[in-house]
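I have placed the structure first, in the form of structure tokens, so that the comments after it can refer back to it.
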Amino acid sequence: MIVPGNILGVMGGGQLGRMFALAARRMGYRIHVFDPTPGGPAGQAADLEMNTDYADEEALAGFARGVSAVTFEFENIPARSLEALARVRPVHPHPEVLLTCQHREREKTFLSRKGYPLAPFAVVDSAASLREGLRQTGVPAVLKTAAFGYDGKGQTRVSATDSPEAIWHTFGADRAVLEAWIEHDREISVICAGSPERGYTCFPAAENIHTRHILDVSILPARAEPDVLAEAAAIARSIAGELRLTGLVAVEFFLPPGGRLLVNELAPRPHNSGHATLEACVTSQFEQQVRTLCGIPTGSPRLLCPAVMVNLLGDLWGDGEPDWSPVLREPAAKLHLYGKEQARPGRKMGHVTVLDPDAETAVTKAFALRRELGIG
């Protein structure tokens, strides 16, 4: 067990690293951040920030020697960098987990081989294989880059009238995953935390609403039948066990008409849909990340109060700093800003969480605040 007072390392300097750092500091840990770009959200909350390339093995070794254990806050870190760190200090989740989850082809292959419910998919590497893949998935379908995709980046929808040759020519990737387009009632996600030795515990499922492929609103708990929610948690725990995970994994699901869950994607880290756990649960997803990294038993994920999280994207800064008065005068709203200096369309700049003992009232209040802030 790594006790408070020790130094924890975070690979990546974004907002997930920032919220991990704040949770760890509250528990008495110190934080070192490794990120190529200085002054990011995580670095602002750290005791030390090392700014150099993720491939710099000498810098990685020095970083590892200065901490007791290392975690990461996003997937687009070379697995080789984590492997270099793991030669010096414990790294959780294990680099092999990152290697599986950061690459759609490997992730889909892993899930398929283990028998988890998935939408039909095909791996494609040419216009000819795309044409053949469309025979397997049907149309419409979604073509996704095999690597380095998130928030809708590296994705394009393929319709019956599209030419596979033209789509592949403009797609700009050597390898991709083609997935059947799934009509669904809603999307939900379950965040699971733990280790093979201590077992796994799940937060209540969140219901997620996306706009332009970016998470817009998360409703906690999800509005779905109890048996569906229980099945989603069971699948998430099973996936964590199959990965031999120490840490967190977020499992995203489609819920098509008829209620049969389909696994969409995995994220081996805290997840945007789990931000409401900061106020809504006994233990937040970020404290769970600290606990699993340090070998401490997981805390209770019990829901204290229904909550709705609204993402704040850079589009909101189009005319300068937004007017936060609608949020600040709402007693049940919590404003989180990530400290990013430059706002860009689609960039996650912060979030607002609205709590209410009545779940539907929380939804109503959150959407009203969203409108007052000018979110379209």
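Which whole-number percent gives the relative contact order of segment 120-180, counting Cα pairs below 8 Å spaced six or more residues apart?
Numbers: 103 pairs, mean separation 31.4, N = 61.
Normalised by residue count, the contact order of segment 120-180 is 52 percent.
If you build the convex hull over the alpha carbons only and average its shadow over all orientations, what do you get for the chain? Give it in nm² to one decimal. Write out the running numbers ahead of the final one.
Details: hull surface 74.2 nm².
If I average the Cα hull's projected area over directions, I get 18.6 nm².
For Thr361 and Thr156, FRET efficiency with R0 = 30 Å and r from the beta-carbon atoms, rounded to 0.05? Once the sixth-power term is evaluated, E becomes 0.15.
Site pair Arg329 and Thr37 shows an inter-label distance of 3.5 nm when each label is modelled 7 Å from Cα along Cα→Cβ. Relative contact order, whole percent, for segment 296-367 stands at 43, derived from Cα pairs under 8 Å and 6 or more residues apart. Summarising the label geometry, the points placed 7 Å from Cα in the beta-carbon direction at Gln342 and Asp47 lie 3.1 nm from one another. Extension gain, Met1 to Thr109: 0.36 nm times the residue separation minus the Cα-Cα distance gives 35.5 nm.
Looking at segment 162-255, which chymotrypsin sites (Phe, Trp or Tyr not before Pro) are DSSP coil and have at most 16 other C-beta atoms within 10 Å of their C-beta?
Working: sites: Trp168, Phe171, Trp181, Tyr200, Phe253, Phe254; in loops: Trp181.
Listed in order of number, the matching sites are Trp181.
Here the contact order of the chain, divided by its residue count and restricted to Cα pairs under 8 Å and six or more residues apart, works out to 13 percent.
Applying a threshold of 32 Å to the alpha-carbon distances of Lys340/Lys365; Lys114/Lys348; Lys108/Lys348 flags Lys114/Lys348 as lying beyond it. Beta-bridge orientation, segment 7-91: approximately 0 percent antiparallel, per DSSP, counting only bridges with both partners inside.
Work out the charge dipole of segment 73-116 with +1 on the Cβ of Lys and Arg and -1 on the Cβ of Asp and Glu about the Cα centre, then indicate which of Gln102, Leu82, Tyr116 is farthest towards its positive end. The residue sitting most towards the positive pole is Tyr116.
When the Cα gyration tensor is reduced to axis lengths a ≥ b ≥ c, the ratio a/c is 1.5 or higher for segment 74-149, and with a/b above b/c it is classed as prolate. Sparse packing (at most 12 other Cβ atoms within 10 Å of the Cβ) combined with a DSSP loop state is found for the following trypsin sites (Lys or Arg not before Pro) in segment 26-101: Arg87.
Where both bridge residues fall in the chain, DSSP classifies roughly 80% of the beta bridges as antiparallel. Comparing Cα centroids, segment 253-274 and segment 45-97 end up 28 angstrom apart.
Helix hunt in the chain: which complete DSSP H runs extend at least 20 Å axially by C-alpha with mean Kyte-Doolittle at least -0.5? Could you put the intermediate results ahead of the total?
On the way: long enough: 226-242 (24 Å, 0.59); 359-373 (21 Å, 0.03).
In the chain, the long hydrophobic H runs are 226-242, 359-373.
Every number here is computed from the coordinates shown, using simple stated rules; none is lab data. Since this is a predicted model, take the numbers as computed values, not measurements. Methodologically, a virtual Cβ is constructed for each residue, glycine included, from the backbone with ideal geometry; neighbour enumeration extends over all protein chains shown.
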